[in-house]
Amino acid sequence: MSIVKAVRGVRDLLPPETDLWNRIESTARNVFERYCFGEIRTPIFEETQLFARGVGEETDIVSKEMYTFTPAGDEGGGQSLTLRPENTAGVVRAYIEHRLANSGQLQKLYYIGPQFRRERPQRGRYRQFFQIGAEVIGPPGSGSESPVRDAEVLEMLASLLSELGIRGWTLLLNSVGSSSERPAYVARLREALTPVAGQLCANCQRRAVTNPLRVLDCKTPQDQPIIDGLPRIWDSLDPSSKAHFNAVRAALEACGVPYEHDHRLVRGLDYYTRTTFEFVQRNAAAGEGELGAQNALLGGGRYDGLSEAIGGPRAPGIGFAIGEDRLVLALAAQSRAEVRLADAYIAPLGEALNAPSLALARELRASGLRVELGDGSFRLKKSMETANKLARAVVILGEDELASAMLTVKSFATGEQTKVSRNLRELTAVLAGNLQS
Ligand code: HAM
């Protein structure tokens, strides 16, 4: 019979890799805590129209990548549901539904969880992937529109990446203006594309008609000189959007966060207004640039009209989502994940020693040590071999040790074997000392 495997584009995460995932998540939670963000957990599926109206009907995400289904015989009766392809729309829906605007305060919310997109799987691109994201949103007058918010979010990201030990990132920054400025730019772009579209790749020829902004994302090398010559969105921005962007830049410069103004960064979701950004890793030196084509570690921007687009009150906001799978790839490339050894392996040398061994393990674990308990072979040589693979030290518990209350401890790092009294304080001191060597 054939075996059942995980479906294409989704993955199991196993130890020791999950150690890295947990470390990343706890570092992110710590950083968010320092910036006074609180956690929000929204459902993994939502009504399809949330994404159609929020992210945009014409985007790649909504038009081709969503997992949409209609449960039969459900109370909703034929309601179309979708596994969330991103979480900003869901967070803003929750903000509206729970009337978070009523407090008049800025809401600072973060989330960690899986998202689903039916993209062509490749390194760094999966169909179930994890995002660590945050949104800052609030009613007019709460400060949610201020460029300082944008700079604070970007500065927080720079701190988080450095705390995680991510090297070689570049912050790409742009402004896409407001929804009233964009149509004029799209019209100019369309016009400029008409005479040159025939020389571009097949994808761009299609985009030139359906969604000209997406042409700016093209990575095909031959297209680049033509695309670089297209009109820039900056020249279509009104003075208030330009002033907003300049204020973001000034605040970043004041706190020493480096960035590049990337005129082509328009991003693939329709809700963006004004500031858009990505942190990419593109330096191929020293294990950086490990992400290949999928080099965007995270992306985000402002979405001042999203709440209204999904039926809520005016609530400007800014946020980001980090691709956690990509962070893991980048970090694992920097420091190949090492097997995490236990602090001690307790080897009982007979059936009767099982219970006292378990009692000893319980005490050592309670004092914070990572402890493996013997495999039940009860043979000294076999126990030593197993312990050597799993732990830094072995604690032998045989009849003699039990009778004398003196345990045999061997450190694999130094090869040294000592007798230690069965006393929690002495034992932990020896085992913890061994960790240093
Ligand atoms: P996004 O650019 O679509 O933005 O996704 C953010 C990040 O998620 C990407 O930079 C990438 O690291 C990761 N990502 C996206 N798709 C995949 C995939 N198939 N496999 C692995 N990683 C992936 C958003 O989702 C917006 N909601 C971000 C945002 C929040 N904007 C404002 N607030």
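Side notes on the structure shown:
- Relative exposure of Ile346, Ile227, judged by other C-beta atoms within 10 Å (fewest first): Ile227, Ile346
- Cubic angstrom per residue, convex hull over Cα atoms of region 376-426: 88 Å³
- Surface/4 of the Cα convex hull for region 344-436, nm²: 5.1 nm²
- Note on Glu253 and Gln205: the model spin-label points, each 7 Å out from Cα along the C-beta direction, lie 4.5 nm apart.
- Region 344-436, relative contact order [Cα under 8 Å, separation at least 6], %: 29 percent
- Under the Debye formula (equal points on every Cα, no solvent term), log10 I(q)/I(0) of the chain at q = 0.10, 0.11, 0.13, 0.14 Å⁻¹: -0.81, -0.91, -1.13, -1.26
- Where Rh is the Kirkwood radius over Cα pairs, Rg/Rh for region 203-335: 0.99
- Of Ser236, Ser103, Ser357, the one that fluctuates the most in a GNM where the chain has Cα springs shorter than 10 Å: Ser357
- The relative contact order of region 56-164, computed from alpha carbon pairs under 8 Å that lie at least 6 residues apart in sequence, is 21 percent.
- Integer Hz, Karplus 6.51/-1.76/1.60 couplings in order for region 4-12, x for Gly and Pro: 8, 10, 4, 6, 4, x, 10, 9, 8
- Neighbour counts of other Cβ atoms within 10 Å put Cys204, Cys218 in the fewest-to-most order Cys218, Cys204.
- Its DSSP H runs of at least 4 residues, each contributing -39,500 (n - 2.57), put the calculated 222 nm mean residue ellipticity of the chain at -10500 deg cm²/dmol, to the nearest 500.
- When only alpha carbons are used to place a centre, region 319-377 and region 1-37 end up 17 Å from one another.
- Calculated P(r) tail over 19 Å for region 74-217, as whole % of Cα pairs: 72 percent
- Peptide packing for 141-154, 237-250, 84-97, 10-23 was compared via the average number of neighbouring C-beta atoms within 10 Å per residue; ordered from the highest value, the list is 84-97, 141-154, 237-250, 10-23.
- FRET efficiency, 1/(1 + (r/R0)^6) with R0 51 Å, evaluated for Met1 and Arg99 via beta carbons: 0.40
- Principal-axis tilt of helix 424-436 within the chain, Cα atoms, nearest 10 degrees: 50 degrees
- Degrees separating the helix 239-254 axis from the principal Cα axis of the chain, which is the longest one: 30 degrees
- Relative contact order for the chain, counting Cα pairs under 8 Å that sit 6 or more residues apart, in percent: 15 percent
- Scanning residues 5 or more positions from Gln131 or on other chains, those with amide H under 5 Å from its amide H are Gly113, Gln115, Glu324, with H placed 1.01 Å from N in the peptide plane.
- Cys255, Cys36 arranged by Cβ crowding within 10 Å, fewest neighbours leading: Cys36, Cys255
- Cα-based equivalent ellipsoid of region 82-153: semi-axis lengths in Å, sorted from largest, via gyration tensor: 29, 15, 8
All of the numbers you see were taken from the coordinates with simple rules; none came from a lab. This is a predicted model, so every value here is computed, not measured. Positions of Cβ are backbone-derived with ideal geometry, glycine not excepted, and every protein chain shown enters the neighbour counts.
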